[in-house]
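Just below is one structure, and these are the notes that go with it.
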Amino acid sequence: MTMAIERPHRQYGSAIFVKIDSVIEATAKTEVNNIEILTVEFSRAMVTSVYKPPDADFTFTNPLPNPHNKAQIIIGDFNSHSNQWGYSETNPDGEAVEEWMDANQLSLIHD
């Protein structure tokens, strides 16, 4: 594996690793409201990693446009609570994640 992109941080950081022979078309990151969003674009898909610290309000700013409507996989730690993923109550960040999912026609897969 080789590191495609990283966002170092003194407490927490994010990185996306890919197979050594992967062909990467682009990488990008955003840091809005201390939320780390990293994206790696391949020929047929985009992989995005999100980390939202517990004290930050959820927002999502896509670092790369997706004009060709490639498959986009978004993984992350949203530090949000929702009945949809097993919590007894939904907090404001959970509501924001749910609204973002609905607005972007995303499906939540969680464990």
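Given the options Ser49, Ser80, Ser22, which has the most mean-square fluctuation in a GNM of the chain, springs set between C-alpha atoms less than 10 angstrom apart?
The residue that fluctuates most here is Ser22.
How much mean residue ellipticity at 222 nm does the chain get from its helices, if each DSSP H run of length 4 or more adds -39500 (n - 2.57) and you divide by all residues, to the nearest 500 deg cm²/dmol? If you can, show how the numbers build up before the last one.
Numbers: 1 runs with 12 residues, N = 111.
Computed mean residue ellipticity for the chain: -3500 deg cm²/dmol.
Where both partners of a DSSP beta bridge lie in the chain, what percent of those bridges are antiparallel, to the nearest 5?
On the way: 18 of 25 bridges.
For the chain, the DSSP antiparallel bridge percentage is about 70.
Among residues other than Arg7 whose Cβ falls under 15 Å from its Cβ, what is the net charge (Lys/Arg +1, Asp/Glu -1)? Let's see the in-between values first.
Values: positive: Arg10, Lys29, Lys52; negative: Glu6, Glu31, Glu36, Asp77.
Computed value for this residue: -1.
Which chymotrypsin sites (Phe, Trp or Tyr not before Pro) does the stretch 37-103 hold that lie in a coil by DSSP with at most 15 other beta carbons within 10 Å? Write out the running numbers ahead of the final one.
On the way: sites: Phe42, Tyr51, Phe58, Phe60, Phe78, Trp85, Tyr87, Trp100; in loops: Phe42, Phe58, Phe60, Phe78, Tyr87.
Taking the stretch 37-103 and a limit of 15 other Cβ atoms within 10 Å, the loop chymotrypsin sites (Phe, Trp or Tyr not before Pro) found are Tyr87.
Tell me the angle of helix 92-103 to the major Cα principal axis of the chain, expressed in degrees between 0 and 90 and rounded to the nearest ten.
60
Over the chain, what relative contact order in percent results from Cα pairs under 8 Å that are six or more residues apart? Show your work: numbers first, answer last.
Details: 191 pairs, mean separation 19.1, N = 111.
Reported relative contact order: 17 percent.
Give me the net charge of Lys29's neighbourhood, meaning all other residues with Cβ under 10 Å from the Cβ of Lys29; Lys, Arg count +1, Asp, Glu -1.
Details: positive: Arg7; negative: Glu6, Glu31, Glu36.
Once positives and negatives cancel, what remains is -2.
Please list, by residue number, every one of the GluC sites (Glu not before Pro) in the stretch 1-43 that is coil in DSSP and has at most 14 other beta-carbon atoms within 10 Å. Working shown, then result.
Values: sites: Glu6, Glu25, Glu31, Glu36, Glu41; in loops: Glu25.
Answer by residue number: Glu25.
Quick note: the coordinates plus some simple rules give every number you see, no bench work behind them. Since we're looking at a predicted model, the values are computed, not measured. Every residue, glycine as well, gets a Cβ built from its backbone with ideal geometry; the counts of neighbours run over all protein chains shown.
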